[in-house]
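Structure first, commentary second.
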Amino acid sequence: MTMDEAVVSPQPGGRPPSPWRSSRFRLLFTARSASLLADGMLMVSLTTAVLGAGYGASGVGYALAAWMAPIVLLVLFGGVLADRFTPQVMMVGADLVRMVAMLVLALLLIGTGVRLWHVMALLALSGAATAMFQPGLASLVPQVAEDIQRANALLRISEAICTLLGPGVAGLLVAYWNVAGSFAVIAGAYALSALGLAPLRRLGTAPDTDDDPMWQRLLTGWHEFRSRAWLWGVISLWAVYGLFVFGPAIPLTAVLLTEQHGAGGYGWIASADGAGTIIGGLLGMRVRPRRPLVAGACAMLFFSLNPLAPALGWSFTVTALTGMVAGCGFAFWGVMWATSVQSHIPLAVLSRVSAYDVAGSIMVIPVGRALAGPAAGAFGADRVLLFSSVVGLVCIGAMLCVPAIRALGRAPEGKSADPGTRPLPRAEATTDS
């Protein structure tokens, strides 16, 4: 029996079948896991390469900026192109570009003539490809799984595991092989991602053949974005959250936790956070609240414990436990948010709306990180983190006060609530039995 002939029956109680029973979801899951592992390896491999070439910490900063800037600047265009040419086409192309960029960097590192501008140029190319890749992911999930929430939870668990494994894999490759080899493995992971996505070319959403110019397509996505108060309300508050919480919390928390508990202690605390993220993903598979954004926001309240623990100098055990709870809350929120967006936005514009989501979420984080050092020097790192914790609570509290966010309910299982969204055809949720 072929993949397109065996239709999966709904589970008892009318719940959609598990995403694992869809071969298309398994392909997407494999591809996404491979690309996440590559992303997780990149930081360690890049840092080792730049420092080994003699460009110091400032060179690492320049290289990371070269990678991040194209993502921020081009992600909106990635959403437009994903809706224009289908997400699968853009994502496969992006993976191939990233694979080539990493292979070229590996070849340059084999020799002795690598320059910082070489690294920056290749990372900028990889960042531009990432901007083309990311918006399409949201559009693929509703097409490969009827149970959108469980699919997002599984992808969140994969993200947590790859985030934990990636730096360790890169560290082992650098230590027992060489840094060029680590970039070759990263290239191989992107190639595996492209191979996983390639068979998804027959998904139901057809490319948009309208001849509207790019600016008109961007404007259409903006109209869809701003027409939903729950959507722009969350992203507006999330931008504030990124500036004052995500931005300073990561660098300053790392510094304070290392000072308080040593490098090894910080590593274990980070691992506890990752374990909490996995637990949050597992909860996202099981818990199906009637008001997903309300439930997710309540869980996200616990994330304020992350900057609070080092700010108040809590013990190692308490800090590790708070990290686990914070990671759990963050992952559960992520599942609720992704599911809400994917089940309430029409597929025809989902990539563009997702691009506005990504842009609004990450655009101000680099600013927050850049200001973290001067703010810590002026007021003290502990006070800055205490402020971050308070701002985090205020932002989530404000989110819960927005009527449109509180009122957003679950879309019917297996389809989207908004008109214009094409639900997954029954024949596409199939098994290879």
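What follows is calculated from the coordinates using simple rules that are stated; it is not laboratory data. Because the structure is a prediction, the values reported are computed rather than measured. With ideal geometry, Cβ positions are generated from the backbone for all residues, glycine too; neighbour counts draw on all protein chains shown.
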In debye to the nearest 20, how big a dipole does the chain give about its Cα centre with +1 on each Lys and Arg Cβ and -1 on each Asp and Glu Cβ?
-> 580
Taking just the C-alpha trace of the chain, give me its Rg and Dmax in Å.
-> 21.4, 68
Once Lys and Arg get +1 and Asp and Glu get -1 on their Cβ, which of Ala295, Phe133, Ser388 lies farthest toward the positive end of the dipole of the chain?
-> Ala295
With the Cα gyration tensor of region 252-305 giving a ≥ b ≥ c as the square roots of its eigenvalues, does the rule (a/c under 1.5 for rounded; else a/b larger than b/c for prolate; else oblate) give rounded, prolate or oblate?
-> oblate
Give the order of Trp314, Trp67, Trp230 when sorted by the count of other beta carbons within 10 angstrom, beginning with the fewest.
-> Trp314, Trp230, Trp67
Nearest-0.05 FRET efficiency for Trp177 and Ala254, computed from C-beta distance (R0 25 Å) | 0.40
The chain - mean residue ellipticity at 222 nm from DSSP helices (-39,500 (n - 2.57) per run, n ≥ 4, rounded to 500) | -26500 deg cm²/dmol
If you find the alpha carbon centre of region 250-281 and of region 321-379, how far apart are they in angstrom?
-> 19
Going by a ≥ b ≥ c, the root eigenvalues of the Cα gyration tensor, does region 61-118 fall in the rounded group (a/c under 1.5), the prolate group (a/b larger than b/c) or the oblate group?
-> oblate
Build a GNM of the chain with springs between Cα atoms under 10 Å: which of Thr317, Thr47, Thr30 gets the top mean-square fluctuation?
-> Thr317
Arrange Tyr55, Tyr241 by Cβ neighbour counts within 10 Å, fewest through most, would you?
-> Tyr55, Tyr241
If you rank His223, His344 by fewest surrounding Cβ atoms within 10 Å, what's the result?
-> His223, His344
Sort region 8-92 into rounded, prolate or oblate with this rule: let a ≥ b ≥ c be the square roots of the eigenvalues of the Cα gyration tensor; rounded if a/c is under 1.5, and if a/c is not under 1.5, prolate when a/b is larger than b/c, oblate otherwise.
-> prolate
What spacing in nm lies between the two simple spin-label points modelled at Val367 and Arg115, each 7 Å away from Cα in the Cβ direction?
-> 3.4
In Å, the Kirkwood estimate of hydrodynamic radius for region 213-412 over Cα pairs equals 17.6
Taking the mean number of other Cβ atoms within 10 Å as a proxy for protection, how do you rank 78-85, 271-278 from highest to lowest?
-> 78-85, 271-278
Helical segments meeting 15 Å axial Cα length and Kyte-Doolittle 1.0 threshold in the chain (DSSP H) = 56-85, 87-110, 116-144, 148-176, 179-197, 229-241, 347-362, 365-379, 381-401
